[in-house]
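Here is the structure we will look at, set down as structure tokens.
Only the coordinates and a few stated rules stand behind these numbers; no lab work does. Remember, it's a predicted structure, so these values are computed and weren't measured experimentally. With ideal geometry, Cβ positions are generated from the backbone for all residues, glycine too; neighbour counts draw on all protein chains shown.
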Amino acid sequence: NAGVTQTPKFQVLKTGQSMTLQCAQDMNHNSMYWYRQDPGMGLRLIYYSASEGTTDKGEVPNGYNVSRLNKREFSLRLESAAPSQTSVYFCASLPAGGPGTQYFGPGTRLLVL
Amino acid sequence: AQSVTQLGSHVSVSEGALVLLRCNYSSSVPPYLFWYVQYPNQGLQLLLKYTSAATLVKGINGFEAEFKKSETSFHLTKPSAHMSDAAEYFCAVSDDFSGTYKYIFGTGTRLKVLA
């Protein structure tokens with residue numbers, strides 16, 4: 001049982017490049033989330049998926065797109081990376097049954113030059 | 001709308017001293033409240049959570065928190081700090097029972113433990 005896994009662990013992009021951050025969970029959780037963490041700002045929600053087949057915007061969705069490929073996988077895409085998207089990205093999952101404990105992946109550190 | 005305020009972005013305590021990390025929340029309905037810990041270069045892991053049962057909640061590693069509705073607070077405490085407690089701590093709130101279960105996180109408090 002690996003929990004929540006994220007790839008890659010670290011990435012450097014040039015402005016304007018695109019990339020997809022991958023997230024997978026093997027706990028059969030219904031809901032999945034993408035956050036970004038910036039110094040002094042805590043975690044901010046980018047997108048979330050309450051269940052397979054649904055996605056919704058969070059607090060800071062601009063510049064990102066997501067795909068809930070199946071129940072296990074939830075990817076985050078940057079179509080045209082900008083320096084302001086330099087951050088640490090965390091994926092999280094939540095089992096069914098209410099606002100309980102979220103399980104977090106180890107994070108992806110992204111640097112946009 | 002729900003929100004969370006963590007007072008003090010940095011807290012330093014001596015080893016063996018009391019740890020007190022403050023969290024105040026705003027919510028229109030009884031919330032669920034959480035404390036997470038993040039060690040360097042790792043993801044967040046749950047310390048403890050309040051889900052409308054007992055107001056004093058005990059978590060892992062000797063931490064506990066008390067839900068005080070009158071003060072809209074959920075402060076985290078530990079009687080005696082260990083060097084291994086040095087980390088960043090996040091308070092989070094959810095009062096979204098509509099099925100989407102969104103969470104709001106505080107800006108974090110970095111705890112430093114002095115030898």
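What residue, of A:67, A:84, is part of a strand (DSSP E or B), away from chain B (no Cβ under 14 Å) and surrounded by fewer than 16 Cβ atoms within 10 Å (Cβ to Cβ)? Don't jump to the end; show me each part of the working.
Numbers: A:84 fails: part of a strand (DSSP E or B).
So the residue among A:67, A:84 that is part of a strand (DSSP E or B), away from chain B (no Cβ under 14 Å) and surrounded by fewer than 16 Cβ atoms within 10 Å (Cβ to Cβ) is A:67.
Go through segment A:27-53 and give me each residue that's within 17 Å of residue B:94 (Cβ to Cβ), at the interface with another protein chain (Cβ under 9 Å from one of its Cβ atoms) and not in a loop (DSSP other than H, G, I, E, B).
A:31, A:33, A:35, A:42, A:43, A:44, A:45, A:48 - these are the residues of segment A:27-53 that are within 17 Å of residue B:94 (Cβ to Cβ), at the interface with another protein chain (Cβ under 9 Å from one of its Cβ atoms) and not in a loop (DSSP other than H, G, I, E, B).
Pairs please, first residue from segment A:23-39 and surrounded by fewer than 20 Cβ atoms within 10 Å (Cβ to Cβ), second anywhere and hydroxyl-bearing (Ser, Thr, Tyr) and assigned to a loop (DSSP other than H, G, I, E, B), Cβ atoms under 7 Å, 6+ apart in sequence or on different chains.
Sorted first by the residue in segment A:23-39, then by its partner, the pairs are A:30/A:51.
Inspect all residues belonging to segment B:23-37 and state whether any of them is among the aromatic types (Phe, Trp, Tyr), on the phi < 0 side of the Ramachandran plot, within 11 Å of chain A (Cβ to nearest Cβ) and in contact with a Pro (Cβ under 7 Å, 6 or more places away or on another chain).
Yes - at least one qualifying residue is present in segment B:23-37.
Before we move on, is residue B:63 surrounded by 12 or more Cβ atoms within 10 Å (Cβ to Cβ) and under 9 Å from the mean Cα position of the chain (by Cα)? Please lay out each step first, then the result.
Details: surrounded by 12 or more Cβ atoms within 10 Å (Cβ to Cβ): yes; under 9 Å from the mean Cα position of the chain (by Cα): no.
No.
Residues being in a loop (DSSP other than H, G, I, E, B) and in contact (Cβ under 8 Å) with a residue 12 or more places away in the chain: count how many of those fall in segment A:54-64. Talk me through it step by step, then tell me what you get.
Step one: filter segment A:54-64 for residues in a loop (DSSP other than H, G, I, E, B), giving A:54-55, A:58-63.
Next cut, in contact (Cβ under 8 Å) with a residue 12 or more places away in the chain only: A:54-55, A:58-61, A:63.
Count: 7.
If we keep just the residues of segment A:1-26 that are part of a loop (DSSP other than H, G, I, E, B) and within 14 Å of chain B (Cβ to nearest Cβ), which is nearest to the chain's Cα centre (by Cα)? Step through it out loud before you land on a result.
Step one: list which residues in segment A:1-26 are part of a loop (DSSP other than H, G, I, E, B), which gives A:1-3, A:8-9, A:14-18, A:26.
Checking which are within 14 Å of chain B (Cβ to nearest Cβ) leaves us with A:2-3, A:9.
Details: A:2: 17, A:3: 15, A:9: 12 Å.
Of everything passing the filter in segment A:1-26, A:9 is nearest to the chain's Cα centre (by Cα).
Residue by residue, here is whether (1) outside any loop (DSSP other than H, G, I, E, B); (2) without any contact (Cβ under 8 Å) to a residue 40 or more places away in the chain holds:
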| site | (1), (2) |
| --- | --- |
| B:57 | yes, yes |
| B:61 | yes, yes |
| B:70 | no, yes |
| B:74 | yes, no |
| B:77 | yes, no |
| B:81 | no, no |
| B:84 | yes, yes |
| B:93 | yes, no |
| B:110 | yes, no |
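Which of the residues belonging to segment B:23-51 are surrounded by fewer than 17 Cβ atoms within 10 Å (Cβ to Cβ), outside any strand (DSSP E or B) and touching a residue at least 40 places away in the same chain (Cβ under 8 Å)?
Quick first cut of segment B:23-51, residues surrounded by fewer than 17 Cβ atoms within 10 Å (Cβ to Cβ) only: B:26, B:28-30, B:39-42, B:45.
Pick out the ones that are also outside any strand (DSSP E or B) and you get B:28-30, B:39-42.
Across segment B:23-51, the qualifying residues are B:28, B:29, B:30, B:39, B:40.
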